[in-house]
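Asker: Pasting a structure below so you can have a look.
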Amino acid sequence: MTWDNWFRNSTWTFFLLLSLFLGCGGSEPNEGTTVTKILSPSVSVDTEDWWQLRDEMENHFLHSVDRIAENKFEEASREIRMGAVFVRAEAGRGESQYQDRLTSIAEDLERVALEIQSASEVHIDGLKELFGETEFLVSQHHAVRAQKAYDENNAIALGRAMVRAVDGLERAYHWTGEKVSETTRSTIDKTKQVANDFLAKSKMVKDSVSTPLKPVNKEFEKFGEKINYKDPKRDFTTIVVPKPSPTPSAK
């Protein structure tokens, strides 16, 4: 069995167990397992494992949209809840000022997932905005981690955090439908190029590069002006239309 096949099968097994747990279809996982670590953000997850799982939150969001298009709201709800697990895990790492906001938006995801289970209709645009805001907060969180890695001269951690930061920003644009300007596209592409260089060489020379995230931080400011995540009391009626209450039978 090749490494790629082994990893693909292992990841599939992990998420099968996770989906069973979230769907209350199985017993609680044993202490110390990868599932338990993800579900318990206070427990450290190996950085290599976390890097390999970097696209899973986004994948669950994408799957939820597909399930909604098929009117499979139960399955969509499960996908959103699984995505929220990763947001909570990021918040639990406690390494940036975005910890509380990540926790708050994870709660929003969990609530909308619960309401989708019994919905008669889902406004997909509202849900996409929520996913976009989530990706944006996660990307800002990783930008802070990247700056920390830069200060510590840790090329691998810096490269990975930079990739996560600009991937999240790019996905936030996609979900919210905001237009990506040529300047923003150039910044994203150049940042990925620098990040991949750090990852390939496993080292960096501080004197040869200015703080690499300054252009990205400017892009965060620009995008932040386009969306509004200031009021924690989200109006869920813009996303979910509940089923009408049963009409009392006439006596």
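Here's the yes/no breakdown for (1) among the β-branched types (Val, Ile, Thr); (2) not in a helix (DSSP H, G or I):
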| residue | (1), (2) |
| --- | --- |
| Arg54 | no, yes |
| Leu62 | no, no |
| Glu110 | no, no |
| Ile116 | yes, no |
| Leu137 | no, no |
| Ala143 | no, no |
| Ala149 | no, no |
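Asker: Shifting gears a bit: Answer yes or no as to whether Ala157 is in contact with a Ser or Thr (Cβ under 8 Å, 6 or more places away or on another chain), surrounded by fewer than 24 Cβ atoms within 10 Å (Cβ to Cβ), among the hydrophobic types (A, V, I, L, M, F, W, C) and farther than 14 Å from Val216 by Cα.
Answerer: So Ala157 fits the description; yes.
Asker: Still on this structure: Got at least one residue in segment 203-214 being modelled with pLDDT of 80 or more and among the acidic types (Asp, Glu)?
Answerer: No: zero hits.
Asker: Right, another one. Of all residues in segment 86-112, which are surrounded by 16 or more Cβ atoms within 10 Å (Cβ to Cβ), at pLDDT below 85 and acidic (Asp, Glu)?
Answerer: none
Asker: May I ask you to verify whether Lys233 is at pLDDT below 90, outside any helix (DSSP H, G or I) and exposed (fewer than 10 other Cβ atoms within 10 Å of the Cβ)?
Answerer: yes
Asker: Limited to segment 175-203, what total is found for residues that are under 22 Å from the mean Cα position of the chain (by Cα) and open to solvent by less than 40 Å² (accessible area, probe 1.4 Å)?
Answerer: Here the count works out to 7.
The values are calculated or read from the model by the stated rules, or taken from the named source; none is laboratory data. For clarity, every value in this text was computed on a predicted model and none was experimentally measured. As a convention, Cβ positions derive from the backbone with ideal geometry for all residues, glycine included, and neighbour counts pool all protein chains shown. We work out accessible area using only protein heavy atoms, side chains counted, and drop any ligands, DNA or RNA first. Shrake-Rupley method; radii C 1.70, N 1.55, O 1.52, S 1.80 Å.
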